[in-house]
Each structure stands twice: as structure tokens, then as C-alpha cells.
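> First the structure, which I've put down as C-alpha cells, then a few questions once you've had a look.
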Amino acid sequence: MGRLGFSTTESARLLLLGVFGVLALSVVLAEQEGENLSGLSTNPDKAIFAVRENGTTCLMVEFAVRFLVPFDVLALNGIDLITEQAAFTLPRGAEIEGKCGSTESEIHITWKNNAYTLRIYFSKEFRDKGIEVWKISKVQFVYDTSETSHFINAYNPGKHTANTHRLSALVTPAGRSYVCLAQQTLTLISTDHQKGVTVSMYDTQIQPFDITSDFMFSEPYKCITDQRERLEETLPLILGFILALIIIITLTVYHFHLKLTAPQLPQLPRDRSMYKNM
């Protein structure tokens, strides 16, 4: 009985070691890393970031981002507070972290020694008629007003967090990347006295799921703003072509109408001998 108990205990230990080994192996196999590819962009304001899992790209972001952050400074009288605006862009040299999943993904972009962190959360869902889409479900921006390159003479400086609420942005069909040249603006509410922080993205291409080729976006899905602007650009050309076509058709019909309604002139005899009798 003693030997049997010893054997059972050892078996349980081996089983636990095996389970932990499998879990550790799965963590290693699912290793995820962020890469900064901004050097590939010819636009000095544009950043390119990727999250890779097991050596394959699973999330990719290409955009330029502007921030407009309000903060308080002390007035000259030393009593009142004045709200200033700090305006700056997302630097190309930021550090990247991220997570990829089948229905939820996220990317964390940090710079200035963790003084600033932009976190973007993505999710998948099914809409009407069973159509699967992905969207940005949340944006969070952490900033430190004691960082003096953007926040000069900030009153009571410190770290603050700004979040979106009930966000459903950049809705895109599953398997495709979102593309938009136009500016997309989000307003985040800060823990700094509920101030509104503005995050503006432009010249954007994003895909957080279903990337089939390494470092390559899937088929683009253009935003409505770009589609409208393209229509506004091409509409005058289309109308001009239609107007020119109408003018040509009208002139052609008028020409044939004149030929058909013109009075018939008497024909002169071809035999010259008949001119003597005229």
C-alpha cells in the first residue's frame, strides 16, 4: 500500500509537471513582438508599426497621428488657472507592444521614456445578415504633464489617462484593411478634470486581423469620406462629358433635320443641247 501511494503521488507530480510544461511551451510558441517599420515611409509624419506572432505579422498600423491635449497653467495673478493646449504628433521612433487574438487585438505605442502611451483596442463582431466586421472598440492615451517639451509650466503636473467611451470606429469588413486619407478625429475624456483630448488620425491604413501575407495589408476598404471626396472630384468630369455628348447629339439631329426639311431645287438637264430651248 505504501508503494502504491508513493507511485500515485509521483504520477500526480509528473502530470502537473507535464501540464505546466505544455503551458510554458504554448506561451513560447505564441510569442508576440512589436516592430517599428517607420523607416520604410517617405512621409516624415507617418509611422508604420507591426505586431508579429511566431514570426508572422498579425497586426499592422500605418498612420500619422496628431494630439491636442488641454492642460492648466497658473495665471499671472497667481490665483486663477488658464487652460492651454499642447499640440504634438506621434513620433516615428516610438516603442511597440501588442497582442493578437482571433476576436480581440491591441497595440501599445510608447515614447519619451513612457511619458506617453497610445493604446488602440480592436474587436470582431457579427452585424446584420451575419456579416463579420472588425472595429476600433477603445482608444486610451496616457500622458504626463510633467514632460516639459509639450507641457510648459503645467499646474500640478502628473500622469493622466484619457479614454473613449462606447467606441465603434473604423468599422471594416473582416479580412480587409481600412484605408483613409482623410482625417479621422476621436475625442477622449481625461482624468484631468474631464478635459477633452483630441486624437486625429490621417493617411491611415490599419488591419488588426486576418493578415495573410507577412508585412502586407489585405484588400483595402476605403472610408466613406475618401469615397465622397473622390466622387466630388470625378463628378464635374462626368457632368462635362455628358453635357458635351448632349451638345454633339443635338447638333447631329439638327443637321439631319435641316437636310430632310430643305426644299428640293429643280434639277438642271444634263444634256447641254437642251439649253438652246431654255
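Taken together, the values in this text are just the output of simple stated rules run on the coordinates, not laboratory data. A quick note: this is a predicted structure, and the numbers were derived from the prediction, not measured. Because the Cβ atoms are built from the backbone with ideal geometry, glycine has one as well, and the counts that use them run over all protein chains shown.
> Order of 60-68, 39-47 by packing, highest average Cβ count within 10 Å first?
Answer by packing, highest mean first, reads 60-68, 39-47.
> Cα-based Rg of the range 86-157 per 2.2 N^0.38 Å, rounded to two decimals?
1.47
> Sticking with this one: Do the alpha carbons of any pairs in 112/222; 138/195; 138/159; 112/159; 99/124 sit beyond 25 Å of each other, and which pairs?
Where the Cα-Cα span goes over 25 Å, the pairs concerned are 112/222.
> Fully extended, how many nm does the chain gain between residue 202 and residue 82 (0.36 nm per residue separation, minus their Cα-Cα distance)?
Length difference between fully extended and current span is 40.2 nm.
> List the pair-distance distribution P(r) of the range 38-188, using every Cα-Cα distance, as the percent of pairs falling in each 5 Å bin from 0 up to the bin containing the longest distance, rounded to whole percents.
Using 5 Å bins, I get a P(r) of 2, 8, 15, 19, 19, 14, 9, 6, 4, 2, 1, 0, 0 for the range 38-188.
> Which FRET efficiency value, to the nearest 0.05, is calculated for residue 43 and residue 256 with the Förster distance at 51 angstrom and r the Cβ-Cβ distance?
The value I calculate is 0.35.
> Spin-label point model (7 Å from Cα, Cβ direction): what's the residue 128 to residue 174 distance in nm?
1.9
> So what are the three principal axis dimensions of the range 126-199 from its Cα atoms, in whole Å, longest to shortest?
That gives 53, 24, 15 Å along the principal axes, largest extent first.
> Using a Förster distance of 45 Å, how high is the FRET efficiency between residue 89 and residue 244, based on the Cβ-Cβ distance and rounded to 0.05?
Calculated transfer efficiency: 0.50.
> Along the positive direction of the dipole of the range 23-171 (beta-carbon charges: Lys, Arg +1; Asp, Glu -1; about the Cα centre), which of 160, 67, 146 reaches farthest?
The residue sitting most towards the positive pole is 67.
> Cα centroid distance between the range 133-172 and the range 203-219, in Å?
Here the answer is 25 Å between Cα centres.
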